[in-house]
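*Asks:* Have a look at this one.
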Amino acid sequence: MSWQVISTEQEAKALLELFGGFHDACIKEAHLWTGHSVNNKLSMAVTGELDTSIKFVVQRQFASPSCIELLFEKVTRINIVPSPQNYDSIIYESNLGKEKDEYYWVIDTMQALGELEATEDSWVVSKSLSWRVANELLGEKLNYG
């Protein structure tokens, strides 16, 4: 399926509703990359732009859809706090939206961005957000690595 670009707060909330608020979901995997590189002569290339991107595979225990990919481009903030030992990594609820000119995904809480604790909460903020249905990515197999 092709990528769907989120352009408005309403489109972000529609995705949140379509995916059941991310209830009973999990992040299967994530892939982060930048526009920076070092060539075989050990010379570094940097863009000087917002060039960090991250793509997530998110699976859930419900149909239509059961798995989506989220693509955040021009990332301005990412904060991931893994679940502690002896705790599950199930997402019970999420907040997805647009604030000013940025898109955000607050993982496993409905709190607003300004209410989050860096040592407890996970979130992503970017200038661009796209998504697509990816039911073919269900299961244990890694798709990015």
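*Asks:* Tally Lys and Arg at +1 and Asp and Glu at -1 over the other residues with C-beta under 15 Å from the C-beta of LEU137: what net charge comes out?
*Replies:* Around LEU137, the charge tally is +1.
*Asks:* Using a 1.4 Å probe and counting only protein heavy atoms, arrange CYS67, CYS26 so the residue with the most accessible area comes first.
*Replies:* The ordering from most to least exposed comes out as CYS26, CYS67.
*Asks:* So what is the 222 nm mean residue ellipticity for the chain from helices alone, if each DSSP H run of at least 4 adds -39500 (n - 2.57) and you divide by all residues, rounding to the nearest 500 deg cm²/dmol?
*Replies:* Calculated mean residue ellipticity at 222 nm is -2000 deg cm²/dmol.
*Asks:* Let me ask something else. Can you tell me the alpha carbon radius of gyration of the chain divided by the globular rule-of-thumb value 2.2 N^0.38 Å?
*Replies:* Working it through for the chain, the quotient is 1.08.
*Asks:* List the GluC sites (Glu not before Pro) in the stretch 3-68 that DSSP assigns to loop (not H, G, I, E or B) and whose Cβ has at most 10 other Cβ atoms within 10 Å. Which are they?
*Replies:* GLU49
*Asks:* Test of understanding: in a Gaussian network model of the chain with alpha carbons linked when under 10 Å, which of GLU69, GLU117, GLU99 would top the mean-square fluctuation ranking?
*Replies:* Greatest mean-square fluctuation among the candidates belongs to GLU117.
*Asks:* What does the accessible area of ILE80 come to, in Å² to the nearest 10, when a probe of 1.4 Å is used?
*Replies:* 90 Å²
*Asks:* Residues with beta-carbon under 10 Å from that of GLY35, excluding GLY35: net charge, scoring Lys, Arg +1 and Asp, Glu -1?
*Replies:* Its environment carries a net charge of -2.
*Asks:* Give the residue list of chymotrypsin sites (Phe, Trp or Tyr not before Pro) in the stretch 86-145 that are DSSP loop and have at most 15 other beta-carbon atoms within 10 angstrom.
*Replies:* Here the chymotrypsin sites (Phe, Trp or Tyr not before Pro) that fit, given the DSSP loop and packing criteria, are TYR87, TYR92, TYR144.
*Asks:* Relative to the present Cα-Cα distance, how much length would full extension add between GLU136 and GLU17 at 0.36 nm per residue of separation?
*Replies:* Taking GLU136 through GLU17 to full extension adds about 40.7 nm, to one decimal.
*Asks:* Give me the net charge for the shell around SER126: Cβ to Cβ below 9 angstrom, other residues only, Lys and Arg +1, Asp and Glu -1.
*Replies:* +1
*Asks:* Using a Gaussian network for the chain with springs between C-alpha atoms less than 10 Å apart, which of these wobbles most: ARG60, ARG77, ARG132?
*Replies:* Result: ARG77 has the largest fluctuation of those listed.
*Asks:* To continue, here is another question. So how far apart, in nm, are the two label points at LEU113 and ALA45 if each is 7 Å from Cα heading toward Cβ?
*Replies:* For the pair LEU113/ALA45, the computed spacing is 3.1 nm.
*Asks:* Mind counting lysine pairs for me in the chain? Cα separation below 29 Å, and the two need to be 8 or more apart along the chain or on different chains.
*Replies:* 23
*Asks:* Averaged over every viewing direction, what's the projected area of the C-alpha convex hull for the stretch 77-122? Give it in nm², one decimal, please.
*Replies:* If I average the Cα hull's projected area over directions, I get 3.3 nm².
*Asks:* Just the number please: accessible area per residue for the chain, 1.4 Å probe, all protein chains included, in Å².
*Replies:* The answer is 59 Å² per residue.
*Asks:* Moving to a separate point now. Give me the percent of accessible area attributable to carbon and sulfur for the chain, probe 1.4 angstrom.
*Replies:* The nonpolar share, carbon plus sulfur, comes to 51 percent.
*Asks:* Could you tell me how many degrees, from 0 to 90 and to the nearest 10, lie between the Cα long axis of helix 9-18 and the main elongation axis, the longest principal axis, of the Cα atoms of the chain?
*Replies:* 60 degrees
*Asks:* Return a whole-number percent for the relative contact order of the stretch 1-83, with Cα pairs under 8 Å and 6 or more residues apart as the contact set.
*Replies:* Once normalised by length, the contact order is 25 percent.
*Asks:* Right, another one. With a Förster radius of 41 Å, plug the Cβ-Cβ distance of ASP101 and GLN61 into 1/(1 + (r/R0)^6) and report the FRET value to the nearest 0.05.
*Replies:* 0.75
*Asks:* Measure out, as a whole number of angstrom, how far apart the alpha-carbon centroids of the stretch 10-33 and the stretch 41-115 sit.
*Replies:* Answer, in whole Å: 9.
The values are calculated or read from the model by the stated rules, or taken from the named source; none is laboratory data. Keep in mind that what you see is a predicted model, and the values were worked out from it rather than measured. Note: ideal-geometry Cβ built from the backbone for every residue, glycine included; neighbour counts use all protein chains shown. Keep in mind that these areas ignore ligands, DNA and RNA; they rest on the heavy atoms of the full protein, side chains included. Shrake-Rupley method; radii C 1.70, N 1.55, O 1.52, S 1.80 Å.
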